[in-house]
1. Explain nothing, just compute: Karplus ³J(HN,Hα) = 6.51 cos²θ - 1.76 cosθ + 1.60, θ = phi - 60°, for every residue of the range 319-324 in order, whole Hz, x for Gly and Pro.
2. Step through the residues of the range 156-166 one at a time and calculate ³J(HN,Hα) from phi using the Karplus curve (6.51 cos²θ - 1.76 cosθ + 1.60, θ = phi - 60°), rounding each to whole Hz and writing x for Gly and Pro.
3. Calculate one ³J(HN,Hα) per residue across the range 75-85 by plugging θ = phi - 60° into the Karplus curve 6.51 cos²θ - 1.76 cosθ + 1.60, and present them in order as whole Hz with x for glycine and proline.
4. Which residues in the range 219-254 place their backbone N less than 15 Å from a point set 7 Å from the Cα of residue 344 along the Cα-to-Cβ direction?
5. Tally Lys/Arg at +1 and Asp/Glu at -1 over every other residue whose Cβ is under 12 Å from the Cβ of residue 265; what's the total?
6. Could you check the spin-label model distance between residue 177 and residue 36? Points 7 Å from the Cα along Cα→Cβ, value in nm.
7. Top to bottom by accessible area (1.4 Å), largest first, where do 282, 368 land?
8. Name the residues whose placed amide hydrogens come within less than 5 Å of the amide hydrogen of residue 236, ignoring near sequence neighbours (fewer than 5 apart) on the same chain.
Amino acid sequence: MVGWLTNWLAVQMIFYPVKYRGLPLYRRNEIPLGLFGWQGIIPCKTRPMTETMVNMVTTQLLSVQEVFGRLDPRKIAELLAPEVAEIGQSVLDELLPFKWMANIPSALFIGLPTKTKDLVTYMNYRFLKEFTVAMQGNIDSLLSVRNCVVNQMMTDRNMLGDLFRKCGQKELDFLTNSGLWFGFMLGLIQMTVALFWDSPWTMSIGGGIVGYATNWLALKWIFEPVNPTKVGPFILQGQFLRRQKEVSAAFSDFFANKILTSEKMWQSILTDPETAPAFEKLFGDHLRKFTTSVTSGLGIKPEPEVFTLAVARAMKKLPEHVGVLHSYVDTKLNLQETLRISMENMSSAQFERVLHPIFEEDELTLVLAGAALGFGAGLIQQGLETGKLTIPNRKQIW
């Protein structure tokens, strides 16, 4: 039971507490253990772990350029055209000094010949189509997948833990339950030692060794050997690595439906300080070209300052209107299937890096925590055995 308890506590310490608990007297950045306190390994190291994971996704699982190339610019233009008209009218409402003046453009449009109205509608459609093509060609400078994912994980530090639990719950359960049978086997050795060394310290020292050894052995069993290795009639491979297809499905489902959704990516494109200026420039250039074509055809020549102000106002309003794209974009990008297939095709060595980093980041800490917890449990057992520690009866409690 000592082995199971220490392993269970060690697993909890991977994920909890989400925020640092203890006295903030001295603590180094992104180190779970403070002078007098602890923060879960994953919540503490969310940034470096996420960056490692994103690097794996973008270099081995998908090409952002190729994925966004799946979008049909004509369909995007079709979906956004009514929204652009609404944005334009809203901008006019704000820019023109009198409210009645904002109705003039729409009144003029209604009074235009059918052919002219069709031309303006076509120009709007062409503007959106060309803008989509330009976005596809510059997507690497408009969307930082790294920032998109890291910002989400840092905002909600439970999210990364949820992802790892979804992918590796069986390994975490194994790590916990292995304390029973690893602990039992090591306990037999401990009992044998106690027969020849009559000292109460065998319990606390033995508990520390059991706690250390059970965690170390369990981690080795989960991830090693990386490649299938034949030993006599048996083929050995790490537990996690044998579940590659199952984990691929879980990882791709979580990543595509909770992290890299159309809504989250558009939010990043429009608000990320690193990429938003590039998007605003691209959008402004195309909007200016479109507006110039329309106004010059109507004999109107707005001042450059008006263009600049109009682009800024349109950018502020755009997030409220891109929602019409989300269903189409999520379906067309098909990230879940792309990630699943790519992950299934990874080599064992590559796949091992999906989950192992959460243990590897602080594997020594995890193992030493097991040793410390085992030592503490043994010390309590030692106190009970020697009579220096007693369990109060019911009358003493009440």
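1. Coupling constants for the range 319-324: x, 6, 10, 6, x, 5 Hz.
2. Ordered by residue, 3J(HN,Hα) equals 10, 6, 6, 4, 5, x, 4, 4, 5, 5, 4 Hz.
3. Calculated HN-Hα couplings, in order: 5, 4, 4, 4, 6, 8, 3, x, 5, 5, 4 Hz.
4. 243-253, by backbone N distance to the label point.
5. Every neighbour counted, the sum reads -2.
6. Those two pseudo-labels are separated by 4.0 nm.
7. My answer, sorted largest first, is 368, 282.
8. 229, 230, 231
The values are calculated or read from the model by the stated rules, or taken from the named source; none is laboratory data. Since the structure is predicted, the reported quantities are computational estimates derived from the model, not experimental observations. For neighbour counting, all protein chains shown are included, and Cβ atoms are generated from backbone atoms with ideal geometry for every residue, glycine included. Note: accessible area is taken over every heavy atom of the protein model, side chains too, but ligands, DNA and RNA are not part of it. Shrake-Rupley method; radii C 1.70, N 1.55, O 1.52, S 1.80 Å.
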